[in-house]
Amino acid sequence: MTTSAAPAVVPRLAPSVDLLLAALLGALHSLAFVHTAAWPLQLAIVAALAWRASAAGTRRAAGIGLVFGTVWLGAGTWWLFISLHTYGGLPAWLAVVAITALSAFLSLYLAAALAAFARWRSGVAWRDALLFGAGWLLAELARGVIFTGFPWVASGYAHVDGPLAALAPWIGVYGMGFVGAVLAAWLALGWRSGWRARGASLAAFALVLGAGALLGPGRFSRPAGTLSVTLLQGNVAQDEKFAATAMPQALAWTLKNLLAARGELVVAPETVIPLLPSQLDPAYWAALVEHFQRGPRAVLLGLPLGDQDVGYTNSAAGISAATASLPNGYYRYDKHHLVPFGEFIPFGFRWFTELMNIPLGDFNRGPVGAASFAFRGQRIGANICYEDLFGEELAARFAAEADAPTIFANISNIGWFGDTIAIDQHLQISRMRALEFQRPMLRATNTGATVVIDHTGRVTAALPRYTQGVLDAQVEGRTGLTPFAWWAARVDLWPLWALGFLILVISARRARGGRDALQ
């Protein structure tokens with residue numbers, strides 16, 4: 001009498017079919033990073049990837065990972081084509097080659113992860129699911145950290161509206177991706193095993209997702225008062241932003257709406273003033289400073305700062321009555337995490353940037369744990385453009401709870417990428433940071449998404465994208481530390497690295513021991 005069904009056989013496919021399937025799965029995977037209700041699709045695709053990798057040898061598994069990752073990242077970041085070709089002037093074919101090459105290079109991490117999975121899997125569903133998840137975690141960490149990092153469309157972002165979002169304040173976006181990968185792989189690998197393995201995988205899947213949906217993320221922050229805010233969205237066409245013919249009109253609109261703003265805190269986008277203060281009409285800067293230093297309101301706005309001697313920075317300036325005593329009369333935040341090829345030129349790639357007609361430069365970096373802009377009992381944690389992709393760097397500001405931001409403010413200009421999914425993806429990223437730290441996020445952008453996000457990751461007010469407008473809203477500051485904020489402020493992402501490598505080492509030792517026993 002048997003107690004379990006015979007393990008299901010994974011069908012072997014021709015190598016070309018496996019690679020075509022990997023490409024299809026990679027393309028579908030990108031959908032979950034635009035449509036937040038598609039989080040089940042993300043899990044299903046990762047399950048299918050684990051299913052195919054479990055039937056492959058080391059080399060084929062690596063090929064599956066490379067193709068899947070290249071198509072996933074290429075489909076998820078195709079909007080880079082607009083900055084490279086439309087605004088940068090690169091030939092279309094070269095822009096496509098550049099994006100494909102970047103996607104393929106970043107997918108080498110996933111290729112190595114699936115090769116390790118194929119080599120060290122044991123045939124025990126839950127162990128192999130942990131091994132798959134560890135490889136997935138390490139691949140995402142490597143992509144997000146090495147060579148300055150490019151963590152766009154990290155898998156956890158697909159779950160900002162799903163039950164796994166409950167894990168955000170505990171383990172952050174990479175931890176969420178790890179849990180999702182383990183659950184998806186366990187479901188796929190358990191299904192091809194006996195009925196006990198199937199039952200265990202289904203139970204784990206239902207338990208984790210059910211608990212996340214029912215219990216939620218927990219309450220780690222407390223109200224710290226409210227502010228009325230005004231957010232500006234200038235909608236300046238990217239090819240006109242630095243043009244001498246269009247700049248006066250844009251600057252006039254900005255000054256008019258800054259001075260007329262009704263909110264206690266006014267926030268304007270990255271480089272809303274595209275000139276150094278010394279390059280402006282003296283009357284323009286004087287009117288701005290005098291208005292906010294002598295009045296009850298404060299402003300946080302983006303502009304370049306510095307000079308030829310000390311270098312230049314992509315910065316935010318905060319002006320209020322309290323900043324009148326500061327050396328320059330304003331609070332200063334300098335962007336820390338610079339964009340490769342945009343704000344600094346990687347070694348050996350100057351030839352590539354010289355092919356483009358984009359105003360590029362080598363900016364100086366600001367400190368990683370910058371002080372907040374203090375105003376009316378709130379500490380506003382400024383961050384610029386894609387800096388909010390790096391939650392571990394924002395966490396550095398939470399080392400001392402008394403100095404931690406009560407509100408995040410992201411100022412951006414992603415007009416370089418047109419009216420595309422980049423806007424939706426960046427909004428997901430900001431919402432994830434709100435979930436991880438349980439802090440509201442203000443987003444003042446040139447073309448969208450200009451929104452107010454509360455501490456639960458919910459958008460409470462928004463302007464239509466690609467329109468010129470002013471958004472008035474209320475925001476509630478928060479105090480307190482989430483577990484993620486506490487541990488990431490102290491040890492960065494090292495616990496996740498350690499977890500991934502520990503599982504890999506144990507799996508490798510088990511596999512080696514099993515081979516030795518057979519000899």
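Side notes on the structure shown:
- Being farther than 29 Å from Glu392 by Cβ, at pLDDT 90 or above and more than 24 Å from the chain's Cα centre (by Cα) is a description that applies to Ala322.
- A search for C-beta distances below 9 Å between a residue of region 263-281 that is over 18 Å from Asp472 (Cα atoms) and any residue that is surrounded by fewer than 24 Cβ atoms within 10 Å (Cβ to Cβ) and of a type in the set (Asp, Glu), counting only pairs 6+ apart in sequence or on different chains, returns Leu276/Asp307; Ser278/Asp307.
- Flag if Ala498 is more than 29 Å from Ala402 (Cα to Cα) and either outside any helix (DSSP H, G or I) or without any contact (Cβ under 8 Å) to a residue 12 or more places away in the chain (or both): yes
- Within region 420-452, considering residues that are β-branched (Val, Ile, Thr) and under 23 Å from Thr254 (Cα atoms), the one nearest to the chain's Cα centre (by Cα): Ile423
Yes or no, residue by residue, for (1) in contact with a helix residue (DSSP H, G or I) (Cβ under 9 Å, 6 or more places away or on another chain); (2) touching a residue at least 24 places away in the same chain (Cβ under 8 Å); (3) outside the structural domain of Trp39 (by TED's automatic domain parsing):
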{"position": "Ala197", "(1), (2), (3)": "yes, yes, no"}
{"position": "Phe205", "(1), (2), (3)": "yes, no, no"}
{"position": "Thr226", "(1), (2), (3)": "no, yes, yes"}
{"position": "Leu232", "(1), (2), (3)": "yes, yes, yes"}
{"position": "Val236", "(1), (2), (3)": "yes, yes, yes"}
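- If only residues of region 466-481 that are within 20 Å of His455 (Cβ to Cβ) and of a type outside the set (D, E, K, R) are counted, the one that is surrounded by the most Cβ atoms within 10 Å (Cβ to Cβ) is Val475.
- Residue in region 154-162 that is modelled with pLDDT of 95 or more and of a type in the set (S, T, N, Q) present: yes
- Failed item in (1) over 25 Å from the mean Cα position of the chain (by Cα); (2) surrounded by fewer than 19 Cβ atoms within 10 Å (Cβ to Cβ), with Ala213 passing the rest: (1)
- Yes/no for Ala158 being surrounded by 24 or more Cβ atoms within 10 Å (Cβ to Cβ), farther than 20 Å from Leu499 by Cα and not assigned by TED's automatic domain parsing to the domain that holds Asp239: yes
- Condition check for Arg512: in contact (Cβ under 8 Å) with a residue 24 or more places away in the chain, in a helix (DSSP H, G or I), closer than 30 Å to Ala134 by Cβ and of a type outside the set (Ser, Thr, Tyr): no
- Every residue from region 482-500 that is surrounded by 20 or more Cβ atoms within 10 Å (Cβ to Cβ) and more than 30 Å from Ala116 (Cα to Cα): Thr482, Ala485, Ala489
- Residue check for Leu167: crowded, with 20+ Cβ neighbours inside 10 Å, at pLDDT 95 or above, outside the structural domain of Thr323 (by TED's automatic domain parsing) and more than 30 Å from Leu301 (Cβ to Cβ): yes
- Across region 233-246, not a single residue is classified as farther than 24 Å from Thr86 by Cα, touching a Gly at 6+ places or on another chain (Cβ under 8 Å), surrounded by 20 or more Cβ atoms within 10 Å (Cβ to Cβ) and at pLDDT 95 or above.
The values are calculated or read from the model by the stated rules, or taken from the named source; none is laboratory data. A quick note: this is a predicted structure, and the numbers were derived from the prediction, not measured. Note: ideal-geometry Cβ built from the backbone for every residue, glycine included; neighbour counts use all protein chains shown.
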